[in-house]
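Engineer: I am attaching a structure below and will ask some questions about it afterwards.
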Amino acid sequence: MDIVTLLGHEVLPLLLQMEGKGLLTGVSQPIKEAIGIKTIPVEPPPKPVLPPRSKSPSLASAKVYVMDLMQLQQNESAEKIARALQVASEPNEMMKLMLWALATILQRSGESYAERAVQRVFEVIPAAHLQEFMNYAQEFNIPLFDRITQLYRAHLPTPSA
């Protein structure tokens, strides 16, 4: 015997209201079945895809990768950036030079090639430097950098206050 039969049909709106507030369960299901409404299970929204990260991130790896890309550019400005990057030893200086190099690649080689290069550098930058790298990237005001930065920012833990 169900509660509606026990208390009468006039309590049904009150019971549905209580179910809506989470105080009861199972009130609307028999009603839906009685009038022929089938419940279609709703899939939860897909979890956001985490951006790829290297298994062994390092600034040195990112630096070598970008220097190799600069050698492929085969022009004077790329050579200057590669030389400056080669002698750079301070992390902030290396990160800024890598971004200059990536901006040069974007200018000379187009967005498709540059996008893959930028993604790869983001993958290889160590977590300890990623926040600072993203801050520098946004200073360039380049939509490609901003897009990839936003993807990574969405998955960084928020600093506790």
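Engineer: So how do LEU50, LEU24, LEU15 rank on accessible area, 1.4 Å probe, biggest first, that is with the largest at the start?
Structural biologist: Numbers: LEU50 120, LEU24 50, LEU15 10 Å².
The most accessible residue leads, giving LEU50, LEU24, LEU15.
Engineer: Scan around LEU24 for amide H atoms under 5 Å from its own, H built in the peptide plane at 1.01 Å from N, and keep only partners 5 or more places away or cross-chain.
Structural biologist: For LEU24, the qualifying residues are GLU19.
Engineer: Whole-Hz Karplus ³J(HN,Hα) for region 133-141, in order, using 6.51 cos²θ - 1.76 cosθ + 1.60 and θ = phi - 60°, x for Gly and Pro?
Structural biologist: 4, 5, 4, 5, 4, 5, 5, 6, 6
Engineer: As a test of the definition: which semi-axes, in Å, follow for region 38-161 when you take the square root of five times each eigenvalue of its alpha carbon gyration tensor? Largest first, please.
Structural biologist: Numbers: eigenvalues 196, 58, 30 Å².
Here the semi-axes work out to 31, 17, 12 Å.
Engineer: Considering region 95-161, what Rg and Dmax in Å follow from its alpha-carbon atoms?
Structural biologist: Considering region 95-161 through its Cα atoms, Rg and Dmax are 11.8, 43 Å.
Engineer: Summing +1 for each Lys or Arg and -1 for each Asp or Glu, what net charge is found among the other residues whose Cβ lies under 15 Å from the Cβ of GLU79? Let's see the in-between values first.
Structural biologist: Details: positive: LYS80, ARG83, ARG108; negative: ASP68, GLU76.
Result for the local shell: +1.
Engineer: What list of ³J(HN,Hα) values in whole Hz, one per residue of region 99-112 in order, does the Karplus curve 6.51 cos²θ - 1.76 cosθ + 1.60 (θ = phi - 60°) give from phi, with Gly and Pro shown as x?
Structural biologist: Ordered by residue, 3J(HN,Hα) equals 5, 4, 4, 5, 5, 5, 4, 4, 5, 8, 10, x, 5, 4 Hz.
Engineer: Next question, about the same structure. Rank these residues by their accessible area, most exposed first, probe 1.4 Å: LYS55, LYS96.
Structural biologist: Details: LYS55 205, LYS96 90 Å².
Result, largest first: LYS55, LYS96.
The values are calculated or read from the model by the stated rules, or taken from the named source; none is laboratory data. Model, not experiment: these values are computed from the prediction. Please note: Cβ atoms are built from the backbone with ideal geometry, for glycine as well, and neighbour counts cover all protein chains shown. Please note that ligands, DNA and RNA were not included when accessible areas were found on the heavy atoms of the full protein model with its side chains. Shrake-Rupley method; radii C 1.70, N 1.55, O 1.52, S 1.80 Å.
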